[in-house]
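The structure appears below as structure tokens.
The values are calculated or read from the model by the stated rules, or taken from the named source; none is laboratory data. Everything numeric in this text was worked out from a predicted model, so none of it was measured. With ideal geometry, Cβ positions are generated from the backbone for all residues, glycine too; neighbour counts draw on all protein chains shown. Heads up: the accessible areas ignore ligands, DNA and RNA and are worked out on the full protein's heavy atoms, side chains in. Shrake-Rupley method; radii C 1.70, N 1.55, O 1.52, S 1.80 Å.
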Amino acid sequence: MIRTLAAAALLISTTAPPLAAFETRAKAAYVIDHTTGTVLLNKDADEPLPPASMSKLMTLYMAFEAIERGQLSMTDELAVSAHANSFGGSTLFLKEGERVSVEDLVRGVIVLSGNDACVVIAEALSPDGTEAGFARLMTRRAQEMGMTNSTFANSSGWPAAGHRMSMRDLGLLAQRLLTDYPEYYPMFSETEFLFDENESSNRFNRNPLLTLGIGADGLKTGHTQEAGYGLTGSAKQGDRRVIFVLSGLDTAAARAQESEAIVNWAFRQFAQRTLVDAGERVATARVWEGGEPEVGLVSSEDITVLLPVLAGKTVSAEVVYTGPVQAPITAGTTLAELVIQPEGLPEQRFPLVAETDIAHGGFLAKISTAALSLIDQWNTRAPSEDGA
């Protein structure tokens, strides 16, 4: 039987006003608190859209994977092909036949959004030596990572039929870059990279937030006529980090304004709170045939959630478990979930475990359990037809 218990220590009403959602001008947007995993904003976040240069993040992720497994090193020098040399837009002005270190190519992609640098990396890692082959590999790897609304036609985000990513997928990719490859992440905050003194017109990072002093330290802008202006960004203030993705804005100025507004909103309107300490009893669950009639339910770690700053000092919660729980029970076994529903935010679930060992209770416990079962059946039986 599924049982729901009020978590009395948390179940106190609040008179705070409802949280107002952020009204973004972006065509699609996704904002997540990276520290707690709380989604703060979702506007058409699962719709596959042209990502422009933001999809270069996938090329970078795969380059970092290749370095990790020894397929590449930062000091390797890769040849520039005629195909790489043919690209316009944002480039490192690479020349056919020259050789460029992987480190310079990676920084060229991150800071300068170099289309040609992407192609050089792609051709080096492609199973068949072509950018198209690498794009197919990108798509397959994205699916494996859970980015189910991403399909790649090239390595750079150059406009192409079927080249699509959702804002949620870009947010997931940003999270993976942060957590899987923190050693490379500082490159995303570099504001300038002069690759060639003779070709200095493209040397500045286009991320408009990096110099504002609001904790922004990445990740990638994007712009094409079809996609509009977009940004996959991240900012850290104190112990919190926020990741956001915007797409479809009309101008670079609108992208800058909207991105700063979202960062300020995410940090100022929400705060972390620890609701349950590790080892603190939240509730009890009835035990079947145990030496004790109940077992305490605790969290094995602190339960910290993100809440609107105006939500008051309390929050509603409930404990859900399937019970009664059959003895014997080992301390630390997951038995239940604490379900928290903050105002205006997605439901959050946290596992609760047995506080102590509960041994099998023998014959007397069976009699007691049988009696409790009869009482439960009586209390839950259907009412008679006359309503008595």
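Just a few scattered comments:
- Flag if residue 317 is closer than 30 Å to residue 35 by Cα and over 29 Å from the mean Cα position of the chain (by Cα): no
Listed here are the residues, each with its yes/no results for (1) within 19 Å of residue 185 (Cβ to Cβ); (2) open to solvent by 30 Å² or more (accessible area, probe 1.4 Å); (3) outside any strand (DSSP E or B).
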| position | (1), (2), (3) |
| --- | --- |
| 226 | no, yes, yes |
| 234 | yes, no, no |
| 242 | yes, no, no |
| 245 | yes, no, no |
| 260 | no, yes, yes |
| 264 | no, yes, yes |
| 267 | no, no, yes |
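- When 40, 49, 72 are checked against the criterion of being in contact with a Phe, Trp or Tyr (Cβ under 7 Å, 6 or more places away or on another chain), more than 13 Å from residue 119 (Cα to Cα) and either of a type in the set (A, V, I, L, M) or open to solvent by less than 30 Å² (accessible area, probe 1.4 Å) (or both), 40 stands alone in meeting it.
- Residue check, residue 274 touching a residue at least 12 places away in the same chain (Cβ under 8 Å), farther than 30 Å from residue 211 by Cα and of a type in the set (Ser, Thr, Tyr): yes
- The range 193-217, subset outside any loop (DSSP other than H, G, I, E, B) and modelled with pLDDT of 95 or more, residue surrounded by the most Cβ atoms within 10 Å (Cβ to Cβ): 216
- Screening the range 93-138 for residues that are in contact with a helix residue (DSSP H, G or I) (Cβ under 9 Å, 6 or more places away or on another chain), hydroxyl-bearing (Ser, Thr, Tyr) and open to solvent by less than 30 Å² (accessible area, probe 1.4 Å) and picking the one that is farthest from residue 165 (Cα to Cα) gives 126.
- Cβ pairs under 9 Å, 6+ apart, first in the range 279-295 and acidic (Asp, Glu), second open to solvent by 50 Å² or more (accessible area, probe 1.4 Å) and part of a strand (DSSP E or B): 289/326; 289/360; 294/286
- When the range 269-285 is filtered for residues that are in contact with a Gly (Cβ under 7 Å, 6 or more places away or on another chain) and open to solvent by less than 70 Å² (accessible area, probe 1.4 Å), the ones remaining, listed by number, are 284, 285.
- Hits in the range 256-284 - residues which are within 20 Å of residue 350 (Cα to Cα) and basic (Lys, Arg): 273, 281
- Residues of the range 40-88 that turn out to be polar (S, T, N, Q), closer than 18 Å to residue 102 by Cβ and within 20 Å of the chain's Cα centre (by Cα), as a count: 1
- The requirement of being crowded, with 21+ Cβ neighbours inside 10 Å and not small (Gly, Ala, Ser) is not satisfied by residue 144.
- Members of the range 309-346 found to be buried (at least 20 other Cβ atoms within 10 Å of the Cβ) and not hydrophobic (A, V, I, L, M, F, W, C), listed by number: 321, 324, 342
- Entirely in the range 271-321, the strands (runs of 3 or more DSSP E) that have 2 or more residues that are in contact with a Pro (Cβ under 7 Å, 6 or more places away or on another chain): 281-288, 303-308
- Taking the range 89-100 as the range and being within 35 Å of the chain's Cα centre (by Cα) and closer than 10 Å to residue 116 by Cα as the test, the residues that pass are 89, 90, 91, 92, 93, 94.
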